[in-house]
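Take a look at the following structure, please.
The values are calculated or read from the model by the stated rules, or taken from the named source; none is laboratory data. Nothing here was measured: the structure is a model prediction, and the numbers come from that model. Note: ideal-geometry Cβ built from the backbone for every residue, glycine included; neighbour counts use all protein chains shown. Ligands, DNA and RNA are stripped out before the accessible areas are found, and what is left, the full protein with its side chains, is counted by its heavy atoms. Shrake-Rupley method; radii C 1.70, N 1.55, O 1.52, S 1.80 Å.
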Amino acid sequence: METGHRTQSRGRRVPLLIPVFGLVGGVILVSIITLMLFARRAEASAGWVAYITTDYHIGVVRVDGNHRLTFNPHLESPASPLWLSDHDILFSGGLNRDYRLYVLRFPSGDVREIIQPPGGIIPLTLRRLPDTDWVYFSGFRDSPRSIELYRADLTTGQVEQVTDFATQEGGIADFDLSPDGERLVVVVNSRRPQVPNQTYVMQADGTQSRRIDGGWIIEGVRWADGGTRLIVTVYDSSGPRLFRMTPDGGNLRVFRFIPQAVTHFVIAPDEQHIVYHVACGYARYNCIDQVQTDGQAIQRLTQPDRNRLIPILSPDGAWIAYLETALRHSNVWRMRADGSDQRLLADDANHRPVAWSPPVDRAWGGAWLIGVAILLILGGFLANRRK
């Protein structure tokens, strides 16, 4: 009787083990696939890059390069794409020579007017004041040499003029907002060749303006170190070179290990590095380099075999997008912040800067939830079977 009982028990257990092992194998397989998908999509979670195409459409390409969309806003010369959120891209454009600010809804492609600048003003560079509804933009009415700075409220559509340098026969050449959003730094380009550029620091509304340069010719300017320092490009005998200085114009110091001319640079989100392009390959090309904000540890990120320009960092600082220029168009590339994993994203861009979307890591959180849910179900099932 005992032998028969054991045989009968084994006969019942063997069929029961089949679904258990099947479920375990299925869970393991699903978990592996989930992890692979997450690893693959972690690259895409860096977001999207928006750019202007050669035929003046708005292109949007995912950072992994696997998905690209093109939108025709049916406007003249769309420019300066700026992501307001995951789904809204602000840009400037015209209709019958009347230029305004529009928002493209992504990914539907719907376009709506959002800001109407004062009559006749053509918006140029757009920048948003973080965590507010204010957008700053440079623009001109009559002459590109008479560029002023404006700010617009995205909620009300109200536009205010921030600077007025027309009386000084000059116009805005570059500007930047401090990290706390309370101050502006602007570079004014004089109309007269004999007069050098002038640099001013002021409140965000344009008040309390004071000149900070000592007669040097400053071309580009960015806030750094939490607003306690400025990084600037100053012309010397070698062309525009990187310098650092305090916001009152004092303690001007050159990045002495960068002898080449620097005509474009950006500050990394962690404010520990500066990414810029410089002449390379016996001045036949431009390469993208980076340097610590203290001037140490220069690193070349691209090789001197092609012309690479206008780097821009993702909001999390993990990726760099840039243009590889050809005769009549540019290609959009991306790479990791250390220069690795370079990849072509789009081959139909014009020679204008690109724009990063906010990170979209939360879009892939569902994969983890599914994996955890399956593991919990398996654990409960096995616990009940043991009882």
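Considering (1) out of contact with any Phe, Trp or Tyr (no Cβ under 6 Å at 6 or more places or on another chain); (2) farther than 25 Å from GLY239 by Cα; (3) surrounded by fewer than 16 Cβ atoms within 10 Å (Cβ to Cβ), say which one LEU344 fails and leave the rest.
Failing condition for LEU344: (1).
Which residues, taken from region 83-130, are open to solvent by 10 Å² or more (accessible area, probe 1.4 Å), more than 18 Å from GLU160 (Cβ to Cβ) and outside any loop (DSSP other than H, G, I, E, B)?
Passing the criteria: TRP83, ASP88, LEU95, ASP98, TYR102, ARG105, VAL111, ARG112, GLU113.
Can I ask one more? Which residues, taken from region 309-351, are of a type in the set (Val, Ile, Thr) and at pLDDT below 95?
Within region 309-351, just THR325 meets the criteria.
Using the structure shown, decide if THR167 is surrounded by 19 or more Cβ atoms within 10 Å (Cβ to Cβ) and not in a strand (DSSP E or B).
Answer is no for this residue.
Ok, one more. Can you list the strands (runs of 3 or more DSSP E) found entirely within region 196-308 that contain at least 1 residues being at pLDDT 90 or above and either within 30 Å of GLU160 (Cβ to Cβ) or open to solvent by 60 Å² or more (accessible area, probe 1.4 Å) (or both)?
Fully inside region 196-308 and qualifying: 198-203, 218-224, 229-236, 239-245, 262-267, 285-292.
Continuing with this model, one more query. Pairs only if they're at least six apart or on different chains, beta carbon under 8 angstrom, first in region 146-160 and on the phi > 0 side of the Ramachandran plot and in contact (Cβ under 8 Å) with a residue 40 or more places away in the chain, second assigned to a loop (DSSP other than H, G, I, E, B) and surrounded by 12 or more Cβ atoms within 10 Å (Cβ to Cβ); list them, first residue then second.
Partner pairs satisfying both residue conditions: GLY157/GLN116.
Quick one: is SER146 part of a loop (DSSP other than H, G, I, E, B) and closer than 26 Å to TRP83 by Cα?
The answer is no for SER146.
Being of a type in the set (A, V, I, L, M, F, W, C) and either at pLDDT 95 or above or part of a strand (DSSP E or B) (or both) is the filter here, so list the residues in region 62-74 that pass it.
Once the filter is applied, which keeps residues that are of a type in the set (A, V, I, L, M, F, W, C) and either at pLDDT 95 or above or part of a strand (DSSP E or B) (or both), region 62-74 yields LEU69, PHE71.
Then there's this: Going by the structure shown, is THR207 under 30 Å from ARG336 (Cβ atoms) and among the polar types (S, T, N, Q)?
Criteria not met by THR207.
Go through region 112-134 and count every residue that is within 18 Å of ARG352 (Cβ to Cβ) and aliphatic (A, V, I, L, M).
Residues meeting the conditions: 3.
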